[in-house]
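Here the structure comes first, spelled out in structure tokens, and everything after it is commentary.
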Amino acid sequence: MILVTGGAGFIGSNFVLDWLEQTQEAVINLDALTYAGNLENLASLQHDPRHVFVRGDICDRALVDRLLAEHRPRAVVHFAAESHVDRSIHGPGAFMRTNIEGTYTLLEGVRAHWATLDSGDKAAFRFHHVSTDEVYGSLGATDPAFTESHPYEPNSPYSASKAASDHLVRAWHHTYGLPVVTTNCSNNYGPFHFPEKLIPLMIVNALAGKPLPIYGDGQNVRDWLYVRDHASAIRAVLAGGRLGETYNIGGWNEKTNLEIVHTLCDLLDELKPDPAGSYRRLITYVKDRPGHDRRYAIDARKVERELGWRPAETFETGVRKTVQWYLDHADWVAHVQSGSYRDWVEQNYAERQAG
Ligand code: NAD
Ligand code: TYD
């Protein structure tokens, strides 16, 4: 079996669902169920004995040790993190704790466990660290896309904490020989995406007739990858990635934020027309994010060359599926829009009204 951390979050839950569709191997899912963790994402696995959910914190070394000793997983796939840049600006502490201290705690737990394995199991063991392209910082409009050897230049508390965790993983490999692989992925989108991030926020706001808040001039560029393609990339790297290596994962889909929002509005106009007029009428420019990275772009040739991985979805197919998923899952959206969600929206957007 494998141990997954953060498997009740957006990418983690999609990964667990994908894993159990593609393999017969059981999953122990360790997740603290913060605001971003949601067991509803895994409701289809409720009666599946291959999925064992454990509510707990990756900073809890005793718990990590107990789970490793009890279940003896052959791999750890580490998703658990605080993941939202805007929240990291308002309150960086939780990011330092989970992303840095949590990764450190897991690495130490795994190192102790790994030392007890026999030589065959030791060689087969993997610690797969799931990270982001944001560690590389920001690109100019004509710069080449990030390769794995691009210098680390994180600009937000979130990306700095992820960069720190990447460095810890690297050091545990070089110093202790821990069998690690790291993937640095671009922006994901798809089902179960918490509506504080760009794509689900815009869909949910549009359907509610609320403003679609564009930070700054809307010309910031991100590369977008359908979340199930990220899951398949992780499976490929876990199976065949070279130890100690990092792999950039991306969708070959660079888009400005404004292009994304226009696409979402046009799809909603087609799939759920609003008698009041096109959803584009709701676009509103608001105050920019401090330190807002201008452009991310991923060169994903290494993972293709070495492991034959390429995304299956184009942006057009993936975004259509995503919009349809949100239209079909109004109940999921209603459930995540709890009191704490409303408090966050209030806090983040109240101070941006200046435009
Ligand atoms: P998310 O915020 O949706 O989910 C994070 C999960 O981790 C939640 O289920 C939460 O309950 C859990 N968690 C948080 N703190 C924890 C703790 N201390 N102990 C145990 N569990 C804890 O995040 P996501 O978007 O699914 O991202 C998953 C991983 O992928 C993160 O490491 C993130 O940095 C990375 N990543 C995300 C993106 C993206 O576009 N979302 C892109 C590249 C990489
Ligand atoms: P986000 O989904 O938060 O991902 P990240 O900052 O990790 O890339 O934001 C994606 C882009 O969308 C980013 O450039 C910020 C922008 N954005 C808006 O313009 N308005 C919003 O309300 C949000 C949440 C994001």
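The values are calculated or read from the model by the stated rules, or taken from the named source; none is laboratory data. Note that the structure is predicted; figures quoted are calculated from it, not measured. Positions of Cβ are generated from backbone atoms using ideal geometry, with glycine treated the same way; all protein chains shown enter the neighbour counts. Note: areas computed on protein heavy atoms with side chains; ligands, DNA, RNA excluded. Shrake-Rupley method; radii C 1.70, N 1.55, O 1.52, S 1.80 Å.
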By residue number, the members of the stretch 216-251 that are farther than 11 Å from P311 by Cβ, assigned to a strand (DSSP E or B) and within 12 Å of ligand 1 (Cβ to nearest atom) are R222, N248
What pairs can you find where one residue is in the stretch 212-228 and of a type outside the set (D, E), the other is modelled with pLDDT under 95 and open to solvent by 20 Å² or more (accessible area, probe 1.4 Å), and their Cβ atoms are less than 9 Å apart, with a gap of 6+ or different chains? P213/Y349
Pair list, Cβ < 8 Å and 6+ apart or interchain, from the stretch 5-19 residues that are of a type in the set (S, T, N, Q) and open to solvent by less than 10 Å² (accessible area, probe 1.4 Å) to residues that are assigned to a loop (DSSP other than H, G, I, E, B) and within 16 Å of ligand 2 (Cβ to nearest atom): T5/F79; S13/F192; N14/G190; N14/P191; N14/F192
Looking only at strands (runs of 3 or more DSSP E) that fall completely inside the stretch 1-74, which ones have 1 or more residues that are within 14 Å of ligand 1 (Cβ to nearest atom) and over 15 Å from G102 (Cβ atoms)? 27-31, 51-55
Would you mention how many residues in the stretch 137-174 are among the hydroxyl-bearing types (S, T, Y), closer than 18 Å to D86 by Cα and within 12 Å of ligand 1 (Cβ to nearest atom)? 4
Selected residue [away from ligand 2 (no atom under 15 Å from the Cβ), out of contact with any His (no Cβ under 9 Å at 6 or more places or on another chain), of a type outside the set (D, E) and open to solvent by less than 10 Å² (accessible area, probe 1.4 Å)] from L264, L327, L268: L268
Residue pairs within 7 Å by beta carbon, gap of at least six or interchain, first lying in the stretch 255-279 and within 16 Å of ligand 1 (Cβ to nearest atom), second modelled with pLDDT of 95 or more and of a type in the set (D, E, K, R), listed first then second, are K255/R222
Could you tell me whether R235 is within 21 Å of L17 (Cβ to Cβ), among the basic types (K, R) and more than 10 Å from ligand 2 (Cβ to nearest atom)? yes
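Conditions tested, residue by residue: (1) open to solvent by less than 10 Å² (accessible area, probe 1.4 Å); (2) touching a strand residue (DSSP E or B) at 6+ places or on another chain (Cβ under 9 Å); (3) modelled with pLDDT under 95.
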residue	(1), (2), (3)
G218	yes, yes, no
V221	no, yes, no
L225	yes, yes, no
R235	no, no, no
G240	no, no, no
T246	no, yes, no
The stretch 20-39 - residue that is farther than 13 Å from A231 by Cβ and in contact (Cβ under 8 Å) with a residue 40 or more places away in the chain and, of those, farthest from ligand 2 (Cβ to nearest atom): I28
State yes or no: is E313 part of a loop (DSSP other than H, G, I, E, B), among the acidic types (D, E) and under 30 Å from L139 (Cβ atoms)? yes
